[in-house]
Amino acid sequence: MKKEARFFKALADDTRLAILALLSWREELCVCDIMTVLELTQSKASRHLRYLTQSGILDDERRTVWVYYRISPDLSPLEAGIIRDVQNHFNSKGYAALKKKLEVWLAKKGGSPLCKD
């Protein structure tokens, strides 16, 4: 029961839901992408990402100096179903501005050395 409680607590935060929204639109993102789009400090982004990782929702991978995050493929069937439903919700109109902000950032970053390995 503790694992399930931690999973649901991880989803019970606006910032962590916003991080999941971003990752529902891209297979993986660098911590700098998440920080920039959500206008978070490095410490705040790291705290939320650590919580999502420790709850088993996200996987992380270090590449040189950057850490990349993705939704874990090892979620239980219950967890995967809930994450899928949450991702479907993120495709509603209410999240269009956040999705556009991510797209603008990624296009701008395309020619930038930020988050490059």
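Every number here is computed from the coordinates shown, using simple stated rules; none is lab data. Computed from a predicted model, the values in this text were never measured in an experiment. Reconstructed Cβ throughout: ideal geometry from the backbone, glycine too, with neighbour counts over all protein chains shown.
Rounding to the nearest 10 and keeping the result within 0 to 90°, find how far the Cα-based axis of helix 2-11 lies from the longest principal axis of the chain.
Taking the Cα atoms of the chain, the angle to 2-11 is about 40 degrees.
To the nearest 10 degrees, how steep is helix 14-25 against the longest Cα principal axis of the chain, on a 0 to 90 scale?
Orientation of helix 14-25: about 70 degrees from the principal axis.
Which of the pairs K3/K93; K2/K100; K3/K99; K2/K109; K44/K99 have their Cα atoms more than 28 Å apart in this structure?
K3/K93; K2/K100; K3/K99; K2/K109
Taking a virtual spin label 7 Å from the Cα of D59 along the C-beta vector, which residues in region 68-101 bring their backbone nitrogen under 16 Å of it?
Once the point is set 7 Å along Cα→Cβ of D59, 68-77, 80 turn out to lie under 16 Å by backbone N, inside region 68-101.
Count charges around Y51 for me, please; just the other residues with Cβ under 10 Å from its Cβ, Lys/Arg as +1, Asp/Glu as -1.
Net local charge, Y51 excluded: +4.
Check which residues have an amide H placed less than 5 Å from L58's amide H, if you skip close sequence neighbours.
HN-HN under 5 Å from L58: T53, S72.
Return the calculated 222 nm mean residue ellipticity for the chain, to the nearest 500 deg cm²/dmol, obtained by summing -39500 (n - 2.57) across DSSP H runs with n ≥ 4 and dividing by the residue count.
Rounded to the nearest 500, it is -19000 deg cm²/dmol.
Quick check: the angle from helix 42-54's long axis to the longest principal axis of the chain, C-alpha only, nearest 10 degrees?
40
Restricting to Cα pairs below 8 Å that are 6+ residues apart, what does the relative contact order work out to for region 1-73? Please round to a whole percent.
Value for region 1-73: 35 percent.
In Å, what Rg and Dmax follow from the Cα atoms of region 44-117?
14.5, 40
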